[in-house]
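Engineer: Quick one: structure below, then a few questions.
The values are calculated or read from the model by the stated rules, or taken from the named source; none is laboratory data. Remember, predicted model here, so these are calculated numbers, not experimental data. Virtual Cβ from ideal backbone geometry, glycine too; neighbours counted across all protein chains shown.
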Amino acid sequence: FLGEEGAEVFRDWIHKQVESNAPYDEFARAILTASGSNRENPAASYYKVLRTPAETMENTTHLFLATRFNCNKCHDHPFERWTQDQYYQMAAFFAQVDLQADPAAGDRRIGGSAVEGSKPLFEIVKDRKEGEVKHDKTGKVTPPDFPYPAKPCTEAAPSTRREKLAMWMTSGDNRYFALSYVNRLWGYLMGVGLIDPLDDIRAGNPPSNPVLLDYLTREFVDSGFNTRRILRLICQSRTYQLSVASHSWNADDKINYSHATARRLPAEVLMDAVYKVTGSTLNIPGVKLGTRAAQLLDSGSDVPSGFLANLGRPPRESACECERSNDLRLGSVMSLLSGPAVSGAVNDPKSELARLVGQQKDDPSLVREVFLRILNRPATDKEVESSLKIMSHLEEEHIRLTNELAKAEGTWAETLARKEQERAALIQKAEAALTSHLMEQAPKVALAERERDAAIAR
């Protein structure tokens, strides 16, 4: 329910927050308390997507606290601390959110299905004075309350339920808020979170290194929720700077970060990288020519071959980290090896790669230029030597296959000529048989026509 225009404005707003290194607590509060038209206040777009108190609560706790507040909707969680009462108490914080059509939207509407009708392109988010949530089991109105205590981030008195929730949720005293974000940052950089999955903080899923996670969380809060401070802290660490090289003692290590984890690039980044290094222009149907995959607003936009979907781009239907897959499956491997998206970029006659191949006649120099373009570093002498051997082998294979094709085409030509002669003879024979048949039937046809005419005359 955002539309292309609304999604672009919301994305640009988030981009500016990240670019300006806005404190994470302020960023979260801006979303949680957003009011007004999402045309003027892009953060209000958050409330256009999930439109019920329960759905908004589940998404919010998942996103900002990495807590899955959905298993306790119908009953107390069987293994964790969360109760059914707490589910409805938290949902009540969003019960008074109201959306009204923004006159600026005019007749423009988006979305819509057999279950839910279309909505105005722009809507105004407000807080009403009324609106409650009823407990599913008791049927009684459930007042808003927090599932655990935390000092609010300010002494100012909140005027709405959402402001009260935001003051509690973004507080430095709310351990889940800072800890969940730090864990996500660590996981994005290292490949595996200190708590993994990244968005599943619970007693039954403890951190692999609680001391480290506590330290990073304290640093984050003490820095005023400065994201760049934590990124710098992690990236300057020896742990982050380790190579992927391992030995017999740590080859199987998955959680102690004794060596870096080799990972492939996410789908969008990988596609953009392919087209960047080849110098080809990405052409995705329905969007402006040259639009990068990372800029796509619609999760349904893709190249015809489905490269992004095959490489695990998420459908963006929930806040769950599990939506994205970086696994190497058959579809993703084939997309990289022989898919039209990659081959099209490599074989594009207008690409930078084609220009290099056409202008650089010296193979060693060509290898060095391609290495520098793709890996952003010079090739070693050993790598140049290995690459030249591969190129020589490929040239030999190309000549062999070309000769085999020419030989096969020669055989096919003889066979085709023979078959063409046989076909012509059969056609001639059939035509002769048809002519003979028509001649034999002509008297009978003439007699039948005369009898028909006589019958009509009577």
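Engineer: Condition test on Ser386, is it in a helix (DSSP H, G or I), small (Gly, Ala, Ser) and either in contact with a Phe, Trp or Tyr (Cβ under 7 Å, 6 or more places away or on another chain) or closer than 30 Å to Thr278 by Cβ (or both)?
Structural biologist: Details: in a helix (DSSP H, G or I): yes; small (Gly, Ala, Ser): yes; either in contact with a Phe, Trp or Tyr (Cβ under 7 Å, 6 or more places away or on another chain) or closer than 30 Å to Thr278 by Cβ (or both): yes.
Yes: the conditions hold for Ser386.
Engineer: Also, quick follow-up: Just wondering, is there one or more residues in region 25-46 that are at pLDDT below 95, under 21 Å from Asp199 (Cα atoms) and surrounded by fewer than 19 Cβ atoms within 10 Å (Cβ to Cβ)?
Structural biologist: No, every residue in region 25-46 fails to be at pLDDT below 95, under 21 Å from Asp199 (Cα atoms) and surrounded by fewer than 19 Cβ atoms within 10 Å (Cβ to Cβ).
Matching residues to (1) assigned to a loop (DSSP other than H, G, I, E, B); (2) touching a helix residue (DSSP H, G or I) at 6+ places or on another chain (Cβ under 6 Å); (3) outside the structural domain of Glu132 (by TED's automatic domain parsing):
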{"residue": "Pro149", "(1), (2), (3)": "yes, no, no"}
{"residue": "Gly187", "(1), (2), (3)": "no, no, yes"}
{"residue": "Leu198", "(1), (2), (3)": "yes, yes, yes"}
{"residue": "Arg229", "(1), (2), (3)": "no, no, yes"}
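Engineer: So which residues in region 334-376 are in contact with a Ser or Thr (Cβ under 6 Å, 6 or more places away or on another chain) and not assigned by TED's automatic domain parsing to the domain that holds Val277, if there are any at all?
Structural biologist: Val367
Engineer: Next up: Out of all the residues in region 153-185, which are crowded, with 20+ Cβ neighbours inside 10 Å and either among the β-branched types (Val, Ile, Thr) or more than 35 Å from the chain's Cα centre (by Cα) (or both)?
Structural biologist: Selection gives Thr170, Val182.
Engineer: Among what's in region 109-152 and is among the β-branched types (Val, Ile, Thr) and farther than 22 Å from Ser35 by Cβ, pick the residue that is surrounded by the most Cβ atoms within 10 Å (Cβ to Cβ). Show your work before the answer.
Structural biologist: Of the residues in region 109-152, the ones among the β-branched types (Val, Ile, Thr) are 110, 115, 124-125, 133, 138, 141-142.
Imposing the further condition that a residue be farther than 22 Å from Ser35 by Cβ reduces the set to 115, 138, 141-142.
Values: Val115: 5, Thr138: 11, Val141: 12, Thr142: 21.
Checking each candidate, the answer is Thr142.
Engineer: Moving to a separate point now. Can you name every residue in region 360-378 that is more than 19 Å from Ala273 (Cα to Cα) and either surrounded by fewer than 14 Cβ atoms within 10 Å (Cβ to Cβ) or touching a residue at least 12 places away in the same chain (Cβ under 8 Å) (or both)? Please lay out each step first, then the result.
Structural biologist: Filtering region 360-378 down to residues more than 19 Å from Ala273 (Cα to Cα) leaves 360-366.
Within region 360-378, Lys361, Asp362, Asp363, Pro364, Ser365 qualify.
Engineer: To continue, here is another question. Filter region 52-68 down to the residues that are touching a residue at least 60 places away in the same chain (Cβ under 8 Å) and either more than 24 Å from the chain's Cα centre (by Cα) or assigned to a loop (DSSP other than H, G, I, E, B) (or both) and list them by number.
Structural biologist: Within region 52-68, Pro53, Ala54, Ala66, Thr67, Arg68 qualify.
Engineer: Within region 89-132, how many residues are touching a residue at least 40 places away in the same chain (Cβ under 8 Å), under 30 Å from Asp76 (Cα atoms) and acidic (Asp, Glu)?
Structural biologist: Qualifying residue count, region 89-132: 2.
Engineer: Identify, from the list Gln84, Gln89, the residue that is out of contact with any strand residue (DSSP E or B) (no Cβ under 9 Å at 6 or more places or on another chain) and either more than 28 Å from Leu198 (Cβ to Cβ) or not assigned by TED's automatic domain parsing to the domain that holds Asp200 (or both). Show your work before the answer.
Structural biologist: Details: Gln89 fails: out of contact with any strand residue (DSSP E or B) (no Cβ under 9 Å at 6 or more places or on another chain).
When all the criteria are applied, what remains is Gln84.
Engineer: Out of (1) in a loop (DSSP other than H, G, I, E, B); (2) surrounded by fewer than 16 Cβ atoms within 10 Å (Cβ to Cβ); (3) more than 23 Å from the chain's Cα centre (by Cα), what's the single condition that is false for Tyr240?
Structural biologist: That leaves (1) as the condition not met.
Engineer: Within region 169-185, how many residues turn out to be under 18 Å from His62 (Cβ atoms) and either part of a loop (DSSP other than H, G, I, E, B) or modelled with pLDDT under 95 (or both)? Walk me through it before giving the result.
Structural biologist: Keep residues of region 169-185 that are under 18 Å from His62 (Cβ atoms), which gives 169-170, 174-185.
Add one more test, that the residue is either part of a loop (DSSP other than H, G, I, E, B) or modelled with pLDDT under 95 (or both), and what stays is 170, 174-175.
Number satisfying all stated conditions: 3.
Engineer: Please go through region 15-49 and pick out each residue that is among the hydrophobic types (A, V, I, L, M, F, W, C) and without any contact (Cβ under 8 Å) to a residue 24 or more places away in the chain.
Structural biologist: Ala22, Phe27, Ala30, Ile31 - these are the residues of region 15-49 that are among the hydrophobic types (A, V, I, L, M, F, W, C) and without any contact (Cβ under 8 Å) to a residue 24 or more places away in the chain.
Engineer: Taking the condition of being without any contact (Cβ under 8 Å) to a residue 40 or more places away in the chain and either surrounded by fewer than 18 Cβ atoms within 10 Å (Cβ to Cβ) or among the β-branched types (Val, Ile, Thr) (or both), how many residues in region 69-82 meet it?
Structural biologist: Matching residues across region 69-82 total 5.
Engineer: Would you confirm whether any residue within region 271-288 is among the hydroxyl-bearing types (Ser, Thr, Tyr), at pLDDT 90 or above and not in a loop (DSSP other than H, G, I, E, B)?
Structural biologist: Of region 271-288, the ones among the hydroxyl-bearing types (Ser, Thr, Tyr) are 275, 278, 280-281.
Filter again for at pLDDT 90 or above, leaving 275, 278, 280-281.
Next, from what is left, pick out any that are not in a loop (DSSP other than H, G, I, E, B): 275, 278.
Yes, region 271-288 contains a residue that is among the hydroxyl-bearing types (Ser, Thr, Tyr), at pLDDT 90 or above and not in a loop (DSSP other than H, G, I, E, B).
Engineer: Return the total of residues in region 320-372 being within 26 Å of the chain's Cα centre (by Cα) and of a type outside the set (S, T, N, Q).
Structural biologist: Adding up the residues that qualify gives 22.
Engineer: Across region 314-332, which residue is farthest from Glu268 (Cα to Cα) among those that are part of a helix (DSSP H, G or I) and either touching a residue at least 12 places away in the same chain (Cβ under 8 Å) or not charged (D, E, K, R) (or both)?
Structural biologist: Of region 314-332, the ones part of a helix (DSSP H, G or I) are 321-323, 330-332.
Right, trim to either touching a residue at least 12 places away in the same chain (Cβ under 8 Å) or not charged (D, E, K, R) (or both) and you get 321-322, 330-332.
Details: Glu321: 16, Cys322: 16, Leu330: 18, Gly331: 16, Ser332: 13 Å.
Within region 314-332, the match that is farthest from Glu268 (Cα to Cα) is Leu330.
Engineer: Also, I was wondering about something else. With Leu416, Leu337, Leu375, Leu388 as the choices, which residue is touching a Pro at 6+ places or on another chain (Cβ under 9 Å) and not basic (Lys, Arg)? Spell out how you get there, then give the answer.
Structural biologist: Working: Leu416 fails: touching a Pro at 6+ places or on another chain (Cβ under 9 Å); Leu337 fails: touching a Pro at 6+ places or on another chain (Cβ under 9 Å); Leu375 fails: touching a Pro at 6+ places or on another chain (Cβ under 9 Å).
On inspection, the qualifying residue turns out to be Leu388.
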